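Inspection log for the structure reproduced underneath, given as structure tokens.
All of the numbers you see were taken from the coordinates with simple rules; none came from a lab. From a predicted model like this one, the values you see are computed outputs, not experimental measurements. Quick reminder, even Gly has a Cβ in these numbers, built from the backbone with ideal geometry, and neighbours come from all protein chains shown.
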């Protein structure tokens, strides 16, 4: 697999609102599946699938603690990537608002 394919798969793993919600939930603390189910409103199998996608992409790692499996972000730079994407989206939104205002004149 080449570098571009790996990069595409990495971003594909981020391309879901539930997975983004999970990442923001894990920003400051580790969580188990049951906590993430309550947070996302998704059922347990769906959350487990999302966690698997993020783990397969190398974004999360899991650790068994008794009967529970807890997840954590492997590299906190992922939050920087998400924050940068928000800035880009905000910038696009400002351009759209500006263009609409110009069109009304």
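General remarks:
- When each of the peptides 47-59, 86-98, 6-18, 27-39 is scored by the mean number of other C-beta atoms lying within 10 Å of its residues, the order from highest to lowest reads 47-59, 27-39, 6-18, 86-98.
- Distance between modelled label sites at residue 86 and residue 48, nm, 7 Å Cα→Cβ extension: 3.1
- Model label zone, residue 4; criterion: amide N under 18 Å from point 7 Å along Cα-to-beta-carbon; scope the range 41-58: none
- With both labels modelled 7 Å from their Cα along Cα-to-Cβ, the residue 72 to residue 12 distance reads 2.9 nm.
- Cα-Cα separations in the range 60-105 greater than 18 Å, expressed as whole percent: 59
- Where only alpha carbons of the range 44-86 are counted, the Rg and the Dmax (Å): 11.9, 37
- Normalising by residue count, the chain has a Cα convex hull of 133 Å³ per residue.
- The three principal axes of the C-alpha atoms in the range 1-43 carry coordinate ranges of 37, 20, 13 Å, sorted with the longest axis first.
- Rg and Dmax of the range 16-66, based on Cα coordinates, read 10.0, 30 Å.
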